[in-house]
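Below: the structure, in structure tokens.
Bear in mind these aren't lab numbers, they're just calculated from the coordinates by the rules spelled out. Remember, it's a predicted structure, so these values are computed and weren't measured experimentally. Glycine also receives a Cβ, built like all others from the backbone with ideal geometry; neighbour counts cover every protein chain displayed.
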Amino acid sequence: MNLTSSPSPTSGARAKHPTSTRFTRALGIAALVGIGWLVLFGLFLSPNDRVQKTGVRILYIHVPSAWLAYLAFGVTGLSSAAYLWKRTRNLQWDRLAGASAEVGVLFMGITLVSGSLWGRISWGQFWTWDARLTTTAFLFVTYIGYLAVRDLGGTHQQRAKRSAVMALLAMLEVPLVHFSVKWWRPLHQNETVEKGKLNGLMLFSLFIGLISFTLLYVWLVIHRQRVLALNDQVDDRGLDLALAARREES
Amino acid sequence: MNAWGIARLVAAKDLRVEWRSRILINQVLPFATLVRVMFAFALDNDQTLTRVAPGLVWLATMFSLLVVVQRSFAVETADGALDALQVAGVRATGIFLGKSLALLAQLAVLELVLMGAAVVLYRTEVHAGGVVLLVTTYAAATTGLAFVGTLYGGLAAGAKGRETLLPLLMLPVVAPVLIGATRATEAALGTEGATPSDGWPWIGLLILFAALFGVGGTMAFGSLIDE
């Protein structure tokens, strides 16, 4: 996987697919096939749960997206730390952090929606003030704030430094929120999203969900961070190109 | 000059600006009181009000914090004062600590008035047994809020759309303070049979919060305001 090279936007053959390479195309096809399998197994081949009936099928989306959202925010935190550390300082880390956070917010949104639908079926309510749910909601809002900070403007280096600090502060905040909510509602702390007993076919569906969503995550992040790199290039070269064009006119 | 000396100068400057403009007294305090009255309209039940009064005090404090922080950094960005300080070689740590100190003083006044208003408007009773806990809660929670306010205020300062960005960034972060301070205040006031001993574990959380954001802010503030 080559995260560092961003294909030139002007190179003829690639101009049609400026952010894709042979690797990402293969990855995209694999993710698509995985999701096809997930639909087949999750919706048709796997049986109903004894207690949750057909509602269990939501978990095949909910669990993988929750796992990916946390993974994505972990990647954002680690790459932010890598950017702030002087020896590994490179804007590539910043763009990886940004891309991962964007995809993380997407998956976190899916997690919250699918989770509350599942909660309505299983618990009879869309939402409970349990530590895990509340922390997840806070994480969602916090990373939306992080993305807003990325858009504040300034040079690429300013953006990178500012948002890297924000990402680390967010990692500081999350455990504090989690523990305070856990203490706040001690009665609910055991009421977590437990799957109950899953049979072999159900576990397999969940497994396909995890794999295909992970492939999708990697595919999305690679593309997003390449688009971000192109954006930066446009910013860097935009002025030069505009000047050159103006000179040619005169 | 060391960071502490700078901090004292910055704090004194902020408080002097405040004293001369009287924004806190003429605008923020009336706003906070108005919020309290609005809560009473919304909840519309005397017993409920007394029950939730500790939470409302802190909720009103959070909203007022947003206003005070906006004001604190509007003073700095209006004439590029923050940039001028940096160009002059003033250490960011000193600016952070100074602005936090000034914010702490302003919040302390605000909270005192809000608590007084709770006694009058929501029939809250303060018992002698809970006073130590109450004062400690206020000290710990306000310190944490002042650090977070300065940190995120500095980040949003000078940014486009900072009025809307600041609440989005700051409110999720101060949620643990809202929870911890509310619970500790309930314990101090004896709301629903709580005793002061129930409140002390929350003080631990509040102190941890203040310490983490104090250290984090001291380290990070320079990179956040770097333009």
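Just a few scattered comments:
- Under the membrane-span-like helix rule (DSSP H runs whose alpha carbons stretch at least 30 Å along the helix axis, mean Kyte-Doolittle hydropathy -0.5 or higher), chain A yields A:59-84, A:91-122, A:156-184, A:200-249.
- Once the Cα gyration tensor of region B:3-225 is diagonalised, semi-axes √(5λ) in Å: 31, 19, 15
- Distance in nm between pseudo-label sites at residue A:242 and residue A:32 (7 Å out along the Cβ direction from Cα): 3.8 nm
- Residues of type aspartates and glutamates that residue A:161 reaches as a straight line, Cα spacing below 14 Å, ignoring anything fewer than 8 places off in the same chain: A:94, A:151, B:226, B:227
- Within 10 Å of each Cβ in A:146-156, the average number of Cβ atoms from other chains: 3
- The simple Förster model, with R0 at 41 Å and r as the Cβ-Cβ distance, assigns residue B:83 and residue B:127 a FRET efficiency of 0.25.
- Remark on region B:45-134: Rg and Dmax equal 17.9, 56 Å (Cα only).
- Phi-derived couplings, Karplus 6.51 cos²θ - 1.76 cosθ + 1.60 at θ = phi - 60°, listed residue by residue for region A:47-56: x, 5, 7, 4, 8, 7, 6, 6, x, 4 Hz, with x used for Gly and Pro.
- Most mobile listed residue (B:81, B:187, B:156) in chain B, GNM with C-alpha springs under 10 Å: B:81
- In this structure, the amide hydrogen of residue A:154, modeled 1.01 Å from its nitrogen in the peptide plane, lies closer than 5 angstrom to no residue at least 5 positions away or on a different chain.
- For the protein assembly as shown, the orientation-averaged shadow of the C-alpha convex hull comes to 28.9 nm² (one quarter of the hull surface).
- Each helix, a run of at least 4 DSSP H residues, gives -39500 (n - 2.57); summed and divided by the residues of chain B, these come to -29000 deg cm²/dmol at 222 nm.
- Residues residue A:81 and residue A:117, FRET efficiency given R0 of 35 Å [Cβ-Cβ distance, rounded to 0.05]: 0.50
- Under a Gaussian network description of chain A, with springs only between Cα atoms under 10 Å, the residue in A:164, A:30, A:101 that fluctuates furthest is A:30.
- Rounded to the nearest 0.05, the FRET efficiency derived from the C-beta distance between residue B:42 and residue B:226 at R0 = 56 Å is 0.85.
- Sequentially through region B:7-24, phi angles give Karplus couplings (6.51, -1.76, 1.60; θ = phi - 60°) of 4, 5, 5, 5, 5, 4, 4, 4, 5, 5, 4, 5, 4, 7, 8, 6, 5, 4 Hz, Gly and Pro residues having no value and appearing as x.
- Restriction of the trypsin sites (Lys or Arg not before Pro) in region B:1-69 to DSSP coil positions whose beta-carbon has at most 16 other beta-carbons within 10 angstrom yields B:22.
- Tilt relative to chain B, helix B:131-156 - C-alpha long axis, 0 to 90 degrees, to 10: 40 degrees
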